[in-house]
Amino acid sequence: MEKRELVIIGAGPAGLAAAVYGRRAGLDTLILEKGIPGGQINITDEIENWPGTIHSTGSELGETFRKHAEHFKAEFRDCTVQKIDLRDGGKFVVTDKGEIEAEAIILATGASFRKLGCPGEAEFTGAGVSYCAVCDAAFFEGETIAVVGGGNVAVEEAGYLTRFADKVYIIHRRDEWRADRLAIEQALANPKIVPVWNSVVESIEGEGVVEKLVLKNVKTGEVSDLPVAGCFVFVGTEPNVAYLQPENSVVKQTRGGWIDTNDKMETSVEGVFAAGDIRDKYLRQVVTAAGDGAVAAMAAYAYITEQLHLRSVLIDPEEVVALFTSSIDQGQVQLQVAAEKFAKESGKKIAFIDGYRNGKMVEKLGIAKLPTIVEMRKGAMVRSAEPTTIEEIKNFLA
Ligand SMILES: Cc1cc2nc3c(=O)[nH]c(=O)nc-3n(C[C@H](O)[C@H](O)[C@H](O)COP(=O)(O)OP(=O)(O)OC[C@H]3O[C@@H](n4cnc5c(N)ncnc54)[C@H](O)[C@@H]3O)c2cc1C
């Protein structure tokens, strides 16, 4: 079976940044992508908030990210990931083109905006229809625009959009918003915001760019035109996680299916990291996705290095004695120094492992307390003790 060090799933900004960092750290890096490398930005014509590039189309920026990863010899594969299999202590990525065993995996499959599904929506995406106020608000300076939705994001983003637009309609299917009270109060007090209650968008129309929305009042059935230059859709986003079999909880997810990580991008599964829009996070943008990708790759590098080192020291040898101590406990540091001196003088071989930094290995071996000394044969622990003095260590080795 194919075996790789780092497998990255998704070649959006997060996955491509991770590939650059992974390759530069010397990892054998494979990046799996089912569509066009670049990710979601491929569908926008205007990116103005990627530092160092005042203006770019999304596809141009995505292309530079891809070239950058290729420059450092990341390997790309055009395939769809169907499943992550965790079995026999290994991590397997199942794709429509075969299975790959990985030392570490970075999940970077992004998110998708929920769509309205009405005629004109797909046609005008990037030409007046947007799903991102931070990205596109500045293009509607002085214009009349609409927001569709009634939750916090819709109501708050409408407020943000009034910094640019002269008038912002909020179209909602009910007769009150579902947002927090404070957000609602602020929106209702904003003279540029005009609620349109009990209404749904039937179609989005125009010549090349958005010119009007056709609305239907769900109570009266009345159909009317609403002239606008733009339409921001905030009816929710969802992470692309179907391949993680959310029903089996392969990795821990928060409400809505977002992946739960710590600040090293570690998920609940050792050696599986997540980066970019797929994560439970505050701001979903290119710059934050790329930052996550860099962190995930460096954390994966540290994880792989640690695993390889521990394997060569603990698991691969026929026989080994290892002393696990904590590097943040002064008494244990002194005990290790004494044991190192004894090993040198007596010619006994001892592997010294910082149990504080290698918590996952400590857990795997079932070590309950530090310091602990273990004897391993062919990767399995045959005996152990919890020494507190150098004499006890000497007795263990006798
Ligand atoms: C219209 C629009 C405009 C935007 N404008 C801006 C902007 O101006 N500035 C900004 O900073 N951000 C903008 N964003 C947001 C930005 O695009 C995202 O924050 C960013 O792309 C997230 O990167 P990512 O790598 O996490 O995920 P994505 O970009 O979503 O990439 C994920 C990749 O994973 C692949 N994938 C998914 N599932 C699988 C699978 N099972 N197998 C293999 N591959 C898979 C997808 O094909 C995709 O290429 C915009 C988004 C949209 C939709």
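Here, each number is a calculation from the coordinates, and none is a lab measurement. All values derive from a computational prediction rather than experimental measurement. Ideal geometry is used to build each Cβ from the backbone, glycine not excepted, and the neighbour counts take in all protein chains shown.
Using modelled backbone amide H atoms (1.01 Å from N, in-plane), which distant-in-sequence or interchain residues come within less than 5 Å of Arg357's amide H?
Ser327
Once amide H atoms are placed 1.01 Å from N in the peptide plane, what residues at a sequence separation of 5 or more from Ile8, or on another chain, have their amide H within under 5 Å of its amide H?
Sorted by chain and number, the residues that satisfy this are Leu30, Ile31, Leu32, Ile106.
Amide H of Thr237: which non-local residues (sequence gap of 5 or more, or other chain) have their own amide H closer than 5 Å, using H built in the peptide plane?
Correct list: Arg114.
According to the square roots a ≥ b ≥ c of the eigenvalues of the Cα gyration tensor, what is the shape class of the stretch 121-166, taking rounded for a/c under 1.5, prolate for a/b larger than b/c otherwise, and oblate for the remainder?
Values: a/c = 1.81, a/b = 1.11, b/c = 1.63.
Because a/c hits 1.5 or more and a/b fails to exceed b/c, the stretch 121-166 counts as oblate.
Pop a pseudo-label 7 angstrom from the Cα along the beta-carbon direction at both Asp88 and Asp180 and give the gap in nm to one decimal.
5.0
Taking 0.36 nm per residue of sequence separation and subtracting the Cα-Cα distance, how much length would be gained by fully extending the chain between Asp280 and Lys264, in nm to one decimal?
Roughly 4.4 nm would be gained on extension.
Put +1 on the Cβ of each Lys and Arg and -1 on the Cβ of each Asp and Glu in the chain; which of Gly379, Ile106, Pro195 then has its Cα farthest toward the positive end of the dipole?
Farthest towards the positive end: Gly379.
Given a Förster radius of 35 Å and the C-beta distance between Lys219 and Asn49 as r, what FRET efficiency does 1/(1 + (r/R0)^6) yield to the nearest 0.05?
The calculated FRET efficiency here is 0.30.
When the helix-only estimate is applied to the chain (DSSP H runs of n ≥ 4, each -39,500 (n - 2.57), divided by the residue count), what is the mean residue ellipticity at 222 nm, nearest 500 deg cm²/dmol? The partial results should precede the final answer.
Details: 9 runs with 105 residues, N = 398.
Theoretical 222 nm ellipticity from helices: -8000 deg cm²/dmol.
Over 21 Å between Cα atoms, which of Lys73/Lys281; Lys192/Lys212; Lys115/Lys212; Lys34/Lys97; Lys73/Lys360; Lys34/Lys264 qualify?
Working: Lys73/Lys281 30 Å; Lys192/Lys212 18 Å; Lys115/Lys212 18 Å; Lys34/Lys97 11 Å; Lys73/Lys360 31 Å; Lys34/Lys264 26 Å.
Listed pairs above 21 Å: Lys73/Lys281; Lys73/Lys360; Lys34/Lys264.
Scanning the chain for helices, which whole DSSP H stretches are 18 Å or more long along the axis (Cα) and average 0.5 or more by Kyte-Doolittle?
Values: long enough: 58-71 (20 Å, -1.37); 286-310 (36 Å, 0.90); 330-346 (24 Å, -0.56).
The qualifying helices are 286-310.
Find, to one decimal place in angstroms, the Kirkwood hydrodynamic radius of the stretch 175-223, where the mean of 1/r is taken over every pair of different Cα atoms and then inverted. Can you show the working numbers first?
Numbers: mean 1/r = 0.0781 Å⁻¹.
It works out to 12.8 Å.
Along the stretch 377-385, what does the Karplus equation 6.51 cos²θ - 1.76 cosθ + 1.60 (θ = phi - 60°) give for ³J(HN,Hα), rounded to whole Hz, x for Gly and Pro?
In residue order, the calculated couplings are 10, 6, x, 10, 6, 9, 7, 8, 8 Hz.
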